[in-house]
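> The structure under discussion is supplied below as structure tokens; questions concerning it will follow.
The values are calculated or read from the model by the stated rules, or taken from the named source; none is laboratory data. Owing to the predicted nature of the structure, the values given are computational and were not obtained by experimental measurement. Don't worry about glycine lacking a Cβ; one is built from the backbone with ideal geometry, like all the others, and counts go over all protein chains shown. Calculation scope for accessible area: heavy atoms of the full protein, side chains included, ligands and nucleic acids excluded. Shrake-Rupley method; radii C 1.70, N 1.55, O 1.52, S 1.80 Å.
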Amino acid sequence: RWIDVDALRIRRRDRAAISFSHLYVPEASRPVVAQMNRLRRPSYSLVEQLHGKVVAEVDQEAAVAEMPAAAARQLGVERGSPAQVVDRHYVSDAGEVLMASRSYYPPGCFAVHVKLRLTGAAPVAAAA
């Protein structure tokens, strides 16, 4: 069984709400649930500390969707407005999912930068 914990992230400098998340933690993590929305560090660190396991990998997928009602209320935006939606799975080195999350960001509050290094590719011949 998984527990769904709502979390609102607030930017320190201006107290603006910048993301609303559903954090999914195993039932065995119930002792730390009440602390998850008051942290100044990543939520998964509480799960690591409680269970003595380490997150070795975070599988992240980002997409654009409509802002759902609950997230819109928390973020002060209109329901159905554009949202950046980020799903994450926090995985131990043994392949165990320690925590999962779905986060909603209003425009301008989340960006992804990907750098790809291509190696071993043969050069393309120039056209004559």
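> Where is the GNM fluctuation largest for the chain (alpha-carbon springs, 10 angstrom cutoff): Gln60, Gln35, Gln84?
Fluctuation is largest for Gln35.
> I've got another one for you. Using amide H atoms built in the peptide plane, which far-off residues or other-chain residues are under 5 Å from Met99 H to H?
Tyr90
> For the chain, what is the largest minus smallest coordinate of the Cα atoms on each principal axis, given in angstrom and ordered from greatest to least?
The Cα atoms of the chain stretch 67, 41, 30 Å along the principal axes, largest first.
> Here is a further query. What's the longest bit of the chain with no exposed trypsin sites (Lys or Arg not before Pro), using DSSP loop states and at most 11 other Cβ atoms within 10 Å as the test?
Result for the longest clean stretch: 41-114.
> Taking the Cα of Ser45, stepping 7 Å toward and past its beta carbon, and measuring to each backbone N in the stretch 1-39: which are under 13 Å?
In the stretch 1-39, the label zone of Ser45 (backbone N under 13 Å from the point 7 Å along Cα→Cβ) covers 36, 38-39.
> Give me the percent relative contact order of the chain, please, defined on Cα pairs under 8 angstrom at least 6 residues apart.
24
> Right, here's the next one. Give me the percent of accessible area attributable to carbon and sulfur for the stretch 32-128, probe 1.4 angstrom. Show your work: numbers first, answer last.
Numbers: 3450 of 6790 Å².
Its accessible area is 51 percent carbon and sulfur atoms.
> In the chain, with Lys and Arg counted as +1 and Asp and Glu as -1 at Cβ, which of these residues, Tyr24, Met36, Ser103, has the Cα nearest the positive end of the dipole, that is, farthest along it?
Met36
> Order the following by accessible area, largest value first: Glu57, Glu66, Glu27. Probe radius 1.4 Å; ligands, DNA and RNA are ignored. Spell out each step's value before the answer.
Working: Glu57 105, Glu66 135, Glu27 65 Å².
Largest accessible area first, the residues go Glu66, Glu57, Glu27.
> Let me ask another. Given C-alpha coordinates of the stretch 42-115, what is the ratio Rg to Rh with the Kirkwood estimate of Rh? Please report the intermediate quantities before stating the final value.
Details: Rg = 14.6 Å, Rh = 13.7 Å.
Answer for the stretch 42-115: 1.06.
> To the nearest 20 Debye, how big is the dipole of the chain about its Cα centre, given +1 on the beta carbon of each Lys and Arg and -1 on that of each Asp and Glu?
Values: 17 positive and 13 negative charges, 133 e Å.
That gives a dipole near 640 debye.
> Let me know the Rg and Dmax you get for the stretch 3-43 when you use only its Cα atoms, in Å.
11.1, 35
> Still on this structure, please answer the following. Between Asp6 and Ala111, what's the calculated FRET efficiency when r is the beta-carbon distance and R0 is 25 Å? Round to 0.05. Mind showing how you got there, number by number?
Values: r = 24 Å, r/R0 = 0.94.
It comes to 0.60.
> Around Met67, which amide H atoms from residues at least 5 apart in sequence, or from another chain, sit under 5 Å from its own amide H, with H modelled in the peptide plane?
Gly80, Ser81, Ala83
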